[in-house]
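Notes to accompany the following structure.
The values are calculated or read from the model by the stated rules, or taken from the named source; none is laboratory data. The shown structure was predicted, so the numbers you read here are calculated from the model rather than taken from an experiment. Here Cβ is always computed from backbone atoms with ideal geometry, including for glycine, and neighbour counts include all displayed protein chains.
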C-alpha cells in the first residue's frame, strides 16, 4: 500500500519544540541575537530552515521564547523564596541554592541572560521588559522587607538587588575566566554544590545575616 501523502508544511522528521529551544538557547548564548541566524540554528538542530519556521514564525519569535523560557524558572524561585515559610535567612538560602542550582544545570542560561542585557536585545527592551522589571522589583521588595523587619542591614535595596544578581550570573556566564581560577568544570554536580554553599555564605555576609558554620 502506498504511504499517505505528507501534509504540506509539516516536517518529515519533526524535532520536539523543547529540543529546538535548547539548540536556540545554545546558539544565542554563544553568538548573540545578531550572530545566530535561523540557518545556524536549523543546522545545529539537524533540520532545514523551513522546518524551523514550521515551529516559529521568525527569529524574533524564537529568540523571545528562548529567553523567556530561560528567565521564567528564576522568577518562580524568587517568588517562592519571597513568599515561603521560614525566617529571612532560610528563605535567602533557599533562593540562592535554587538559582545556583538552576544556572548550574543549564550551562547556557547565565551567558544568554547576561548577553541579552549587555546587548539590549529584543527581549529586555521589548515584550520581555515587564517580566524583567517584575523580577527585579520582587527581589528588591523581598530585601526591603528584610530590612524593615530588622533581619538584614539597612542599605540601598536597589543596589543590593543588582549586586546579588551579579553574584549569581557572572560566575556561570564567565566560565572561561572562572574555571582556571576554580580549577574545575563549573557545571559538574560537585562544582555546583560547592558554588551553592559558597554563594549562601557570601550573600549572608553581604546582607548582614550571620554566616552558618
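Of note:
- Restricting the stretch 1-27 to residues that are touching a helix residue (DSSP H, G or I) at 6+ places or on another chain (Cβ under 6 Å) and part of a helix (DSSP H, G or I), the residue that is modelled with the lowest pLDDT is 17.
- Matching residues in the stretch 81-106 - criterion: being surrounded by fewer than 17 Cβ atoms within 10 Å (Cβ to Cβ) and closer than 30 Å to residue 27 by Cβ: 101, 105
- Being under 19 Å from residue 73 (Cβ atoms), within 16 Å of the chain's Cα centre (by Cα) and not in a helix (DSSP H, G or I) is true of residue 187.
- Members of the stretch 29-44 that are surrounded by 15 or more Cβ atoms within 10 Å (Cβ to Cβ), more than 20 Å from the chain's Cα centre (by Cα) and free of Cβ contacts under 8 Å to residues at least 24 places away in the same chain: 40, 42, 43, 44
- Any chance residue 79 is under 30 Å from residue 147 (Cα atoms) and assigned to a loop (DSSP other than H, G, I, E, B): no
- Check on residue 155, more than 30 Å from residue 28 (Cα to Cα) and touching a helix residue (DSSP H, G or I) at 6+ places or on another chain (Cβ under 9 Å): yes
- Checking each residue in the stretch 46-66 for being assigned to a helix (DSSP H, G or I), within 20 Å of residue 115 (Cβ to Cβ) and either free of Cβ contacts under 8 Å to residues at least 24 places away in the same chain or touching a helix residue (DSSP H, G or I) at 6+ places or on another chain (Cβ under 6 Å) (or both) picks out 59, 61, 62, 63, 66.
- Flag if residue 193 is at pLDDT 95 or above and in contact with a helix residue (DSSP H, G or I) (Cβ under 6 Å, 6 or more places away or on another chain): no
- Meets criteria (exposed (fewer than 14 other Cβ atoms within 10 Å of the Cβ) and either modelled with pLDDT of 95 or more or more than 29 Å from residue 99 (Cβ to Cβ) (or both)) for residue 57: yes
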